[in-house]
Amino acid sequence: MAEQTFAVAIGSDHAGYPLKEKIKAHLLELGYFVKDFGTCNEERCDYPLYGEAVGKAVASGEYGRGILVCGTGVGISIAANKVHGVRAVCCSEPYSALLSRQHNDSNILAMGARVVGDGLAFMIVDAWLLGKYEGGRHQNRLDQIAHIEATETENTEFFM
Ligand code: RB5
């Protein structure tokens, strides 16, 4: 097995909880260090809490990558993307997951437990974890995204 160089932060809402637990077991089997930010049962809860927690854990640099699960993967990825420095992608097939690493240096993967089955989810996770950012022509575009983030804060202050 390849040496793991980063720790993975994971989180979900109630709809994503069963799949999150299976992904956690899968990651541990692969040798990753995993930190689970909840939720810890199927009681109804709000996905922004977990998107934010995992987003902050990854943006701070404490965790190299994050994986999030909700019903569709949509809400929780939107929430995570509000944290500066997060590049979260919502994927339901491995091709986009891999390319999001190679071209976009995605640091959080989100999936929908009501969209993908367990087997497909594991394939998406594996493709995403193994994907390497290619840099080069893609870096300038990531710099532009970071610039939007930085100037957006200034614009918001302007309108307040
Ligand atoms: C919860 O019912 C559901 O709305 C949530 O898991 C997610 O799909 C939102 O985007």
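List nothing, just return the count: lysine pairs in the chain, 8 or more apart or interchain, with Cα separation under 21 Å.
Details: K20/K35; K20/K56; K22/K35; K24/K35; K24/K56; K35/K56; K35/K82; K56/K82.
Lysine pairs, 8 or more places apart or on different chains, close enough: 8.
Roll a 1.4 angstrom probe over the protein heavy atoms and tell me the percent of accessible area of the chain that is carbon or sulfur.
Numbers: 4720 of 8540 Å².
Percent of accessible area from carbon and sulfur atoms in the chain: 55.
Please list, in order, the residues from segment 56-98 whose amide nitrogen is less than 14 Å from a point placed 7 Å along the Cα→Cβ vector of N41.
none
Per-residue accessible area for R137 at 1.4 Å probe radius, Å² rounded to 10?
Looks like 150 Å² after rounding.
When ligands, DNA and RNA are left out and all protein chains stay put, how many square angstrom of accessible area per residue does the chain have with a 1.4 Å probe? Spell out each step's value before the answer.
Values: 8540 Å² over 160 residues.
That works out to 53 Å² per residue.
Mark the label point 7 Å from the Cα of I145 along Cα→Cβ and return the residues of segment 94-112 whose backbone N is within less than 17 Å of it.
95-111
Taking 8 Å as the Cα distance limit and 6 or more residues as the minimum spacing, I'd like the relative contact order of the chain as a percentage.
Details: 307 pairs, mean separation 33.2, N = 160.
Over the chain, the number comes to 21 percent.
Which of the chymotrypsin sites (Phe, Trp or Tyr not before Pro) found in segment 90-160 are in a DSSP loop and have at most 11 neighbouring Cβ atoms, other than their own, within 10 Å? Before the final figure, lay out the partial values.
Values: sites: Y95, F122, W128, Y133, F158, F159; in loops: Y133.
Passing sites in segment 90-160 do not exist.
Given R₀ = 25 Å, FRET efficiency for L130-I78 by Cβ-Cβ distance, to 0.05? Can you show the working numbers first?
Values: r = 26 Å, r/R0 = 1.03.
For R0 = 25 Å, the calculated efficiency reads 0.45.
The values are calculated or read from the model by the stated rules, or taken from the named source; none is laboratory data. It should be emphasised that the depicted structure is a prediction, and the values quoted were computed from it without experimental measurement. No Cβ is skipped: glycine too gets one built from the backbone with ideal geometry, and neighbour counts run over all protein chains shown. Accessible surface areas use protein heavy atoms only, side chains included; no ligands, DNA or RNA. Shrake-Rupley method; radii C 1.70, N 1.55, O 1.52, S 1.80 Å.
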